[in-house]
Structures are given as structure tokens and as C-alpha cells.
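The values are calculated or read from the model by the stated rules, or taken from the named source; none is laboratory data. Just so you know, these numbers come straight off a predicted model, no measurement behind them. Heads up, the Cβs are rebuilt from the backbone with ideal geometry, glycines too, and the neighbour counts pull from every protein chain shown. These accessible areas exclude ligands, DNA and RNA; they are computed on the full protein's heavy atoms, side chains included. Shrake-Rupley method; radii C 1.70, N 1.55, O 1.52, S 1.80 Å.
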Amino acid sequence: MGRGRFKAKPTGRRNFSTPEEMASGSSARPRTFKQVQVEVEDNEEDESEEESDDSEDGTEKKKGILDISEIQNPNLIKPKNVKARTADVENTPELSRREREEIEKQKAHERYMMATEQGKTEQARKDLERLALIRQQRAEAAKKREEEKTAKEQKRVEARK
């Protein structure tokens, strides 16, 4: 059945196995590596049980592929937790250029902000002058409003008499 001018592509179709097919093992899906690995582990466990019955050395045998091949993968090694007591304070790792520049930038910004708070920078002086001017203007405006208010009250009192 054609719908429009585009062809139906088989990429969107998915075949899911039913639980019955999975239980019987007659699934249409190919066997994956994990399934093969599980079977290998089962076989090795059976063999290791037989060997452990014969001789119990006390050494544990590694399961799965780890027994077959020894791989030195740094991602598999768990990092050791360093306690504060055992840590070398003098032996700190050197920072990269970017990290050093970032720390210097943060420290410079903190110094600038402290100087600004104390009014030592040019920008801070200009800001303080502007603030003083604005406060003075506001104080004059408030004083003028009070004078107008009192003058208005006096006119009302005189108008009543």
C-alpha cells in the first residue's frame, strides 16, 4: 500500500520477542555477547564447583572473562580515598595555566571589589560623588515640600478666619 511519494523504509520496524519465545530460546533475535558470556560463566561455575569439591585451597577463582585474561584497565581500579592526616600538604599538584589564570582573575576581582567598597577606586569615587549629589537634591526637595505644606496650612488657617 503506497502512501504518498515516499517509500516505506524497514528501519522503523522493530521485532519484539514475547516472553514465551524468550523462555523457550527460540527467539528470532541473534544471540548477543552477554548471553554467550552468561553461558560461559555458568559453565565455569559448574567447573569451579567440581574443582572446589576436589580441592579447597582457600583461593577464590575469578568469574567470567576476568579469569581468562588479566586486563590492566585504569578505569576498573577504584581510587584510594586519601585521609586528611595522611595527605601531603607540601606535595600539592601543580595547577595548569588556565587554572592559575582563573584563580588570579578571581583574586584580582576580589581585591577590586574590596577597594571599591572602601572608596579607593576611581569608579567608586565617582559613584560616591553622584550619591552625595542625589542625596543633597532629595534633601532640598523634601525641605521644599515641607515648606510648601506649611504655607498651604497657613493659607487654610487664614482662610477660615
**Message:** What are the pairs with Cβ atoms under 9 angstrom where one residue, in the stretch 135-161, is at positive phi and the other, located anywhere, is among the charged types (D, E, K, R)? Sequence gap at least six, or different chains.
**Reply:** none
**Request:** Being over 30 Å from Glu41 (Cβ atoms), open to solvent by 80 Å² or more (accessible area, probe 1.4 Å), at pLDDT below 90 and part of a helix (DSSP H, G or I) narrows it down to one of Glu117, Glu153, Glu146, so name that one.
**Result:** Glu117
**Request:** Would you check if there is a residue in the stretch 104-113 being touching a Gly at 6+ places or on another chain (Cβ under 8 Å), surrounded by 10 or more Cβ atoms within 10 Å (Cβ to Cβ) and without any contact (Cβ under 8 Å) to a residue 40 or more places away in the chain?
**Result:** no
